[in-house]
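Working notes, structure below.
The values are calculated or read from the model by the stated rules, or taken from the named source; none is laboratory data. Given the structure is predicted, the values throughout are model-derived calculations rather than measurements. Neighbour counts run over all protein chains shown; Cβ positions are idealised from the backbone, glycine included.
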Amino acid sequence: MGVFRVILAKIFGWIFIPYIMLAVRWRKSSLFFRAVGILWSVVILLSTVKVIAADSHNEDLPTSVTTIEQADTNSVSGKATSTVNNKQTKQSHTNSVDSDMQSTTNATTTAQSDLKALESYPHLGQPSKVGNLEITINNVKQFKYVGTDTANGMYWGVSVTVQNDGSNPQTISDSMFKIVSPTDVRGDSNSYSPDVDADIQANETNNFLTETLNPGVSSTGFVIFDMPSKYTNDDMQVFHLVVDTGLLGSKQSFSFLQ
């Protein structure tokens, strides 16, 4: 509608007025007609300017308002998104802290359970029956060399006394022994077998791990384990030795605690 008005005003203002003036013979017109013509031209000119200005303002106004509204909407949306992101970040941090606390709790619970189990096992110097054998763990020590052998990590030498309380001869084997690590937060543990070559050199005078014990006879020797070097003497106390003679019900754990 505004465009039509502008076109109409221009037609009347700039096309028809000159022809009207020519038609009435401007120079020969009386003073009255000249005054009317001039007044008419001024009115049309002012009307045209007013219409153009009004339409220009009306055309700009929706764009400005829309832009402002869109900017406000974007601002609100941005703040809302920022708030959501902040909440998600805080929630993620909370979950991470909860997970760490849970892991710490699990580790503490596992350590307490291991310590309780170690306390229940026979300690150093305390004999215990394993099948027909009476086993005593005398001590455990760390060293780097056994004879001509060098440990990949550190050797743990476990001094063991075995007595045959059965009625038949029984052979001692290094396969009867293994060291078990404390359980981790997942409930898993590592087991370590003896180093056969180091065992032979440590027991070369009595063949401890290959001899056959008759009933009522005892023997003392060493079982050697090549353990990771990261474990110290203090770490020994959280490990334990498992003795298994291979018979039903003939398995026993021994603590390295004093």
If residue 227 passes every condition in (1) under 22 Å from residue 130 (Cα atoms); (2) crowded, with 16+ Cβ neighbours inside 10 Å; (3) of a type in the set (A, V, I, L, M) but one, which one does it miss? (1)
What's the number of the only condition in (1) more than 13 Å from residue 254 (Cα to Cα); (2) at pLDDT 95 or above; (3) under 38 Å from the mean Cα position of the chain (by Cα) that residue 179 fails to meet? (1)
Please enumerate the residues belonging to the stretch 222-258 that are free of Cβ contacts under 8 Å to residues at least 40 places away in the same chain and either assigned to a helix (DSSP H, G or I) or of a type in the set (Gly, Ala, Ser) (or both). 234, 235
Looking at residue 200, is it without any contact (Cβ under 8 Å) to a residue 24 or more places away in the chain and surrounded by 15 or more Cβ atoms within 10 Å (Cβ to Cβ)? yes
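I'd like the residue in the stretch 129-187 that is among the basic types (Lys, Arg) and assigned to a strand (DSSP E or B) and, out of all such residues, is farthest from residue 215 (Cα to Cα).
144
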Kindly establish whether residue 165 is at pLDDT 90 or above and buried (at least 21 other Cβ atoms within 10 Å of the Cβ). no
Hey, does the stretch 135-148 have a residue that's under 15 Å from residue 253 (Cα atoms), out of contact with any Cys (no Cβ under 7 Å at 6 or more places or on another chain), surrounded by 12 or more Cβ atoms within 10 Å (Cβ to Cβ) and of a type outside the set (Val, Ile, Thr)? yes
Does at least one position in the stretch 237-256 carry a residue that is touching a Ser or Thr at 6+ places or on another chain (Cβ under 6 Å), surrounded by fewer than 19 Cβ atoms within 10 Å (Cβ to Cβ) and of a type in the set (A, V, I, L, M)? yes
